[in-house]
Amino acid sequence: MSKGSGQPRSEVLQGTLDLMILKTLKAMGPLHGFGLARRIEQVSEHVLVLNEGTVYTSLLRLQQRGWISSQWGTSDNNRKARFYAITKRGLKQLERETDDWQRISSVIGRILGQESQS
Amino acid sequence: MNALRVFIGKIRALRSGGGVPTADDEVQEHIRLLTERYVREGMPADEAAQTARRQFGNMTRLREDWREQRMFPSLESLWRDLRHGARACWKNPGFSTAVVLTLALGIGANTALFSVCNTILLKPLQYQDPDRLVMLWEQIPSVDRMPVAPANFVDWRAQTHAFSGVVAINPFLAFVMNTPDVPARVSAAAVSWDFFSVLQAPLAIGRSFLPDEDRPGSNSVAILSHALWTERFGSRPEVVGSTVTLNDRRFTIVGVLSENFELVNGIVFRGRMQFDIWIPLALTSNPSRGSHPLRVLARLKPGVTLERAQTDASAVASNLARAYPEDDKDRGIAVVPLHDQVTGDVRPALITLSGAVGFVLLIACANVANLMLSRGTARRKEIAVRMAIGASRLRVARQLLMESAVLACIGGALGLLLAFAAVRLAAPYLPSDLARATGFPVDARVLVYTALISLATGALFGLAPLFQARRISASESLQHGTRIAGGSARLRSALVVAQMAVTMILLIGAGLLAKSLWTLLHVPPGFRTDHLVSARLTLPRSRFADTARVSAFHRELIQRLQDSPGIEAAGLAAYLPLSGQDNGWAFFIEGRPPLPVGVYNVAKYRPVSEGYFETIGMPMMAGRAFTAADRADAPRVVVINQSMARTYWGRENPVGQRLRFGAPDWRTIVGVVGDVRHEALDDDAKAEMYVPFAQTPQPETISTVIVRTSIDAAAMTKTLRDAVSAVDNSVPLDLARTMEQIVSLSVSQPRFRTALLVAFSMLALLMASIGVYGTTSYSARQRMREFGVYIAMGATTRDVLRTVLGRATILITIGLAVGVLASLGLTRLLTKFLYGVTPLDSTTFVAAPMFLFVIAMVACYFPARRATRVDPLVALRYE
């Protein structure tokens, strides 16, 4: 891990990881766990600390809810890997959660902005 | 929906072998790739591996997380909840005690009553295949189940096809057993030779009777009860083959019954289940068709239904009616399953009581739910905090349920102990004639029942705070001092109303039964019940073979007794009122046109001695009582009672008229005596004819001596015994008791059920009062600040009192109204238990609600009073 970034880093909030995974799977198509972790790392530009194991916890949870599906396949370097893909229900859920998230974050943003003014 | 999907996912995971190994592979691959990346970036191999693992996170915890997600809540976390629940209960001793005690009382009452029901109604009879056993009764239009004439029994046995065995028992025998010391009375039953084999009751030792022994002349054989064998014969097996002398006649003992053999009540007679000695029935070749002493049992052939048996029996009955119109016209056969016969009498009472006790448990549950609600409200903050730091609702709910379950189990266990104690304590007061009153063991079935109620109750009241927990949102956790939610207050009000209503129903029921019992106990029985002592005499038939000897013995005994100190009057009767013994004869009045064939006038038959009417206090309404002059060789006389005079002579004077029964000679009516309640206090008097012992159609060797005494009744037993042995020391005397005891015994069933219902309703009253008290004081505490403001603004004590009590009054009144309305419908179920009281008795319906209202208001008053003493300053600063 590149330690020299010097930026403050945040823990991944519970629940948000699910959202990130769903979004990533929607954007990238089927991925395996390692690929997912890399993609999130890349997009977050190393701002988020991710215990990568929790990705699997999240994947299991999402699968149980029926929002993603999984299938064994072969990875780029010809090894057996499990690929995860978002389902129709997952797409709907993603839409819902995205709306929620945007609403809440805008509210929180407003509140925090107001606080900094006073 | 979601929950279901997760559930299915878990099931799938289980089926695919847990999936954990494959996930592990996935993880290993992930870490390998990560390591490779760092190696590519130029890290040394071991540092790369370490970094990769760090980045991946704590593997052990992850695995645990997965397991929990994949599997059902593990036993471990359940155990944790259980421990936490127990700790929570322990930390709140007051609350927990209240809950546990309430439940223990409710469950205890339920279990106790269930033990009784279990023994009487559910436990199969102690015979082989008891379901195939039936009783056969004669049935005439006026009597549903009538004992059987020997000739009819013989014909039934020969002509029916539905039964594999038809046997009879004559339970009205008593012998004097000749022993070296005191003479002993033994009660005996005469039975068909195959009686025990039809019941399939094996003997302990020896053999049953042989067909040849069931004939007059060869029937001097006997089978001993296990009790007699143990008490009198020292359990010696050599007894079989030896002889026993009964009424100066020698019987060869051929067998001993097994210890657990019990002739269930209902087969014979109330209160007569124990027979010491069994002898063959040995009917003559020309048995009587006019007397009806036998009880008949039969076993259905394999495959034969009850309906087919009834059809078969009815066909035989109509044959007999055609063949013997004089005796058997309109006489059917009733086929009654043995189980119905045995439980028939007590079943309705027990079912009613079970309903009552179920109500008590409901009230207990409502109380507990109420307590849990109060506490649930008090714990809102705790629950909200736990949810905020990540506990799932399910987890919190499970935790709450665990707490209830812990309390319910302790309550259940305590209730079971209470039930043991209650059954043991109540056993001596149980009606002695209650079917199978041989003890009420609390057995496995009862345990299961208790466990079920405990768990159901736990789940039931565990749900109450669950509703609250579900409503708590995370945002609420940040707020402070919120007032109780409207929904919870409504639920509590509903609970109060329900408790009041149920208590009202129980109180009205208990009130009706109590009033009925009081009325019953104050029915004039037609005789005096005070200062009377009675005891049973058994004259050996062998030496008292004619009426002259019997009455000579009586006369001498009376003489002796009257000379004894403390005895004011003495007399004898064959059948004492309320003692459960009875007999009747068909009679004919001189000069009246003959009745149609098969129709008879029947009156009760009462052999008595001179001095009997005077002793027991029955008034002569006309004519004279019996005197010493009414000897065996004197003109035949009879005294009838008022009912008989009214029924058969109307306004005519019966004295001087003549009638006959049992024997061809006419008897002159010499007097009319007052009516007595003979069978039961709630049974109207029937036609009775009294005859002197000297003039009975057959010698009456079993009788009851009765004396009126001015001194202690207990001392009288010895006087009686001494007098009897002075006259004839071979005559045993037993069953000494006062008339008051006899009366009391005769109402033991109504008294028992009344006592139980009163006890249950008092329990309900207590718990409902606690419930109302709890609710009122809780809501008063919730509104403390409000009252503080009121008082600060100048409200008087009265105003606050009115505010608190006003709401309670409304709830209580609604509850009472609902209860009274429900009772209007429900008390009809009690009709058959009521005597002299209608199910809608106005006194009860006014007094019981008033009583309950006063008690409930008192319960509310104390918390209300406390609310008036609120210091405004303290109240406002509160929170």
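The numbers here are math on the coordinates, done by the rules we state, and not lab data. None of the values given here were measured: they were computed from a predicted structure. When we count neighbours, we look across all protein chains shown, and the Cβ atoms used for this are built from the backbone with ideal geometry, even at glycine.
Determine, for B:S710, B:S164, the number of other Cβ atoms within 10 Å of each Cβ, and report the residues in order from fewest to most.
B:S710, B:S164
Of all beta bridges DSSP finds with both residues in the stretch B:223-328, what is the antiparallel percent, to the nearest 5?
Values: 7 of 9 bridges.
Approximately 80 percent, going by the DSSP bridge assignments.
Mind checking the angle between helix B:150-159 and chain B's longest principal axis? C-alpha axes, 0 to 90 degrees, to the nearest 10.
Roughly 60 degrees, rounded to the nearest 10.
Taking amide H positions as placed 1.01 Å from N in the peptide plane, with prolines and chain starts having none, which residues 5 or more places from A:T87, or on another chain, fall under 5 Å of its amide H?
Excluding prolines and chain starts, which carry no amide H, the hits are A:I68, A:S69.
Within 10 Å of each Cβ of A:54-66, how many other protein chain Cβ atoms are there on average? Mind showing how you got there, number by number?
On the way: counts 6, 4, 9, 9, 0, 2, 8, 5, 0, 5, 11, 4, 6.
Across A:54-66, the average partner-chain Cβ count within 10 Å equals 5.
Please work out the Cα center distance from the stretch B:164-208 to the stretch B:672-705, rounded to the nearest Å.
28 Å
Determine, from the Cβ-Cβ distance of B:V597 and B:D684 and an R0 of 22 Å, the FRET efficiency 1/(1 + (r/R0)^6), rounded to the nearest 0.05. Provide the component values of the computation, followed by the final result.
On the way: r = 29 Å, r/R0 = 1.32.
Rounded to the nearest 0.05, the efficiency is 0.15.
Which of B:I742, B:V368, B:M850 sits farthest toward the positive end of the charge dipole of chain B, with +1 on the Cβ of Lys and Arg and -1 on the Cβ of Asp and Glu?
B:V368
Below 8 Å, C-alpha to C-alpha, sequence gap of six or more: please give me the relative contact order for chain B in percent.
Details: 1456 pairs, mean separation 131.5, N = 879.
Rounded, it is 15 percent for chain B.
For the stretch A:9-117, give the magnitude of the charge dipole about the Cα centre (Cβ charges: +1 Lys/Arg, -1 Asp/Glu; no others), in debye to the nearest 20.
Working: 16 positive and 11 negative charges, 104 e Å.
Dipole about the Cα centre, nearest 20: 500 debye.
Taking R0 as 41 Å, what's the FRET efficiency between B:D46 and A:W72 from their Cβ-Cβ distance, rounded to 0.05?
On the way: r = 31 Å, r/R0 = 0.76.
That gives a FRET efficiency of 0.85.
Put a dot 7 Å past each Cα toward the Cβ at B:W79 and B:E262; how far apart are the dots in nm?
Distance between the two pseudo-spin positions: 4.4 nm.
Add -39500 (n - 2.57) for each DSSP H run of 4 or more in the protein assembly as shown, then divide by its residues: what number comes out at 222 nm, to the nearest 500 deg cm²/dmol? Before the final figure, lay out the partial values.
Values: 32 runs with 523 residues, N = 997.
Dividing the helical sum by the residues of the protein assembly as shown leaves -17500 deg cm²/dmol.
For the stretch B:541-729, calculate the relative contact order in percent as a whole number, restricting contacts to Cα pairs under 8 Å that are 6 or more residues apart. Write down the numbers at each step before the final one.
On the way: 358 pairs, mean separation 64.0, N = 189.
It rounds to 34 percent for the stretch B:541-729.
Place a label point 7 angstrom from the Cα of B:R658 along the Cα-to-Cβ direction, then list the residues of the stretch B:666-708 whose backbone nitrogen is under 20 Å away.
Inside the label zone: B:666-672, B:689-692, B:694-698.
Could you tell me whether chain B comes out rounded, prolate or oblate from its Cα gyration tensor? Rule is a ≥ b ≥ c as square roots of the eigenvalues, rounded for a/c under 1.5, then prolate if a/b exceeds b/c, otherwise oblate.
prolate
Considering only B:L766, B:L257, B:A52, whose Cα is most displaced toward the positive end of the charge dipole of chain B, charges sitting on Cβ of Lys, Arg (+1) and Asp, Glu (-1)?
Result: B:A52.
Just to be sure I understand the model, the point goes 7 Å from the Cα along the line to the Cβ. What's the resulting B:S748 to B:R490 distance in nm?
Using points 7 Å along Cα→Cβ, the separation is 5.4 nm.
Charges only on Cβ, +1 for Lys and Arg, -1 for Asp and Glu: so what's the dipole of the stretch B:79-184 about the Cα centre, in debye to the nearest 20? Mind dumping the intermediate values first?
On the way: 8 positive and 7 negative charges, 186 e Å.
For this selection, approximately 900 debye.
Which of the pairs B:K686/B:K718; B:K515/B:K832; A:K26/A:K80; B:K329/B:K604 have their Cα atoms more than 25 Å apart in this structure?
Violating the 25 Å Cα-Cα cut-off are B:K686/B:K718.
Quantify how strongly other chains surround peptide B:47-58 by giving the mean number of their Cβ atoms within 10 Å of each of its Cβ atoms. The partial results should precede the final answer.
Numbers: counts 0, 0, 0, 0, 1, 2, 1, 3, 8, 8, 9, 3.
Per residue, the average neighbour count from other chains is 3.
Ranked highest first by the average count of other Cβ atoms within 10 Å around their residues, in what order do B:521-528, B:308-315, B:748-755 fall? Each step should come with its number before you reach the end.
Details: B:521-528: 15.6, B:308-315: 17.6, B:748-755: 19.2.
Result, highest mean Cβ count within 10 Å first: B:748-755, B:308-315, B:521-528.
Please label the shape of the protein assembly as shown as rounded, prolate or oblate, based on the square roots a ≥ b ≥ c of the eigenvalues of the alpha-carbon gyration tensor (a/c under 1.5 means rounded; beyond that, a/b larger than b/c means prolate, else oblate).
Numbers: a/c = 3.48, a/b = 2.22, b/c = 1.57.
Here the protein assembly as shown falls in the prolate category.
Give me the inter-chain shielding for B:24-32: mean count of other chain Cβ atoms within 10 Å, whole number please. Mind dumping the intermediate values first?
On the way: counts 0, 3, 10, 5, 0, 8, 11, 3, 2.
Shielding by partners across B:24-32 averages 5.
Relative contact order, percent, of the stretch B:142-329 when contacts are C-alpha pairs under 8 Å separated by at least 6 residues? Show your work: numbers first, answer last.
On the way: 340 pairs, mean separation 63.1, N = 188.
After rounding, I find 34 percent.
Among rounded, prolate and oblate, which fits the stretch B:505-643 when a ≥ b ≥ c are the square roots of the eigenvalues of its C-alpha gyration tensor, a/c under 1.5 means rounded, and a/b larger than b/c means prolate?
Working: a/c = 2.09, a/b = 1.25, b/c = 1.67.
Because a/c hits 1.5 or more and a/b fails to exceed b/c, the stretch B:505-643 counts as oblate.
Go through B:536-544, B:558-566 and give me the packing order, highest mean Cβ count within 10 Å leading.
Details: B:536-544: 20.3, B:558-566: 16.1.
Listed from highest to lowest mean packing, they are B:536-544, B:558-566.
So, in nm, how far is label B:M620 from label B:S285 when the simple model puts each one 7 Å beyond its Cα toward the Cβ?
About 5.0 nm, to one decimal.
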